[in-house]
Amino acid sequence: MTFSSLTLLLGSALLHVVAHVALKRARDRASFVWWMLLWGGLLYAPVVFLVRQAIPPGAWAILAVSAVFEALYFAAIAQAYRHGDLSLVYPLARGTAPLFLLIWSALFLAERLSWAGAGGVVLIAFGLYLINLPSLAAWRQPLRAWRQPAPWLALAAGLCVSCYTAIDRAGIRRVEPLLYTYLALLVTTLFLTPYTLRAVGWAGLWAELRSSRFSSVAAGFTTLAAYTLVLRAMQAGVPAGYAGAVREISVVFGAGVGVWLLKERGSLMRVMGAASVAAGVAVIALAG
């Protein structure tokens, strides 16, 4: 992996955490997600005029399938934050994504997994175990944590991330990455609108807009910018499995923000778990 590609992915990780901190702190997360995507669509609307490209029918089909998984991801992550802390949900959702993505990449994208990549996967899995561990003595605690809805919702979110990232690897072969990202965001917003209106209604949406103010605007900007950087890296030749894995260095940032800024419990083990996930990501990025 080149230094420029690594820089793109690390920049994506930093931007991604901004959106998730804002989402966690939102009054109503389902409404916040809808506003976040809408603002992203408005802010990046000039992309349609700046990137002039005809979209082939096959690309629209890829976009639609990707948007289904993106909509499911946003619905799952919003519910996960309703039940769990940022320092728990974010590392689980983002840390499991590369595990799934490496499988999809090997099966469907013909991307080979090296021994270093396998070692990185082990480190990520170990880190995910530590995240649910209150102390080293309470080694059975992670098993009990899975009785709660937050870890399962976070796992579902990670699965969705892996699916749409693998699909998007095929999409950017047909469409310029920035335009592809923008169109996928619009279709995702379209898919999420009926679910959001049924859950909160227009009154709930307006109430969240008054509550969140500019944080939903910032989240919309950073969400689209972060994923565009990932697609640029993949377009430059980074395998989808490794691109997704390196981007998950954001779990360290997310755990740190949750523990030190939001004052969430379980500080030491969650940070250690996130660090293990980051180490696994680093191994995949540098030696995988």
Check on Ser216, in a helix (DSSP H, G or I) and either crowded, with 20+ Cβ neighbours inside 10 Å or on the phi > 0 side of the Ramachandran plot (or both): yes
Boolean, Gly204 is in contact (Cβ under 8 Å) with a residue 12 or more places away in the chain and outside any helix (DSSP H, G or I): no
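Which ones in region 3-21 are more than 14 Å from the chain's Cα centre (by Cα) and in contact (Cβ under 8 Å) with a residue 12 or more places away in the chain?
If we filter region 3-21 for residues that are more than 14 Å from the chain's Cα centre (by Cα), which is where we start, we get 3-8.
Selection gives Ser4, Ser5, Leu6, Leu8.
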Search result, residues across region 1-28 that are of a type outside the set (Gly, Ala, Ser), surrounded by fewer than 23 Cβ atoms within 10 Å (Cβ to Cβ), out of contact with any Gly (no Cβ under 9 Å at 6 or more places or on another chain) and within 26 Å of Gln79 (Cα to Cα): Leu14, Leu15, Val18, Arg25, Arg27
Only one of Leu224, Leu159, Leu178 that is among the aliphatic types (A, V, I, L, M), in a helix (DSSP H, G or I) and at pLDDT 85 or above: Leu159
Close pairs from region 162-185: first over 14 Å from Thr228 (Cα atoms), partner of a type in the set (Gly, Ala, Ser) and at pLDDT 85 or above, Cβ under 6 Å, at least 6 apart: Ile167/Ser66; Arg174/Ala59
Region 60-75, residues that are modelled with pLDDT under 90 and surrounded by fewer than 21 Cβ atoms within 10 Å (Cβ to Cβ): none
Every pair of residues 6+ apart whose Cβ atoms lie under 8 Å, when the first sits in region 23-47 and is free of Cβ contacts under 8 Å to residues at least 12 places away in the same chain while the second is polar (S, T, N, Q) and assigned to a loop (DSSP other than H, G, I, E, B): none
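The values are calculated or read from the model by the stated rules, or taken from the named source; none is laboratory data. Given the structure is predicted, the values throughout are model-derived calculations rather than measurements. Cβ coordinates were reconstructed from backbone atoms using ideal geometry, including for glycine residues, and neighbour counts include every protein chain displayed.
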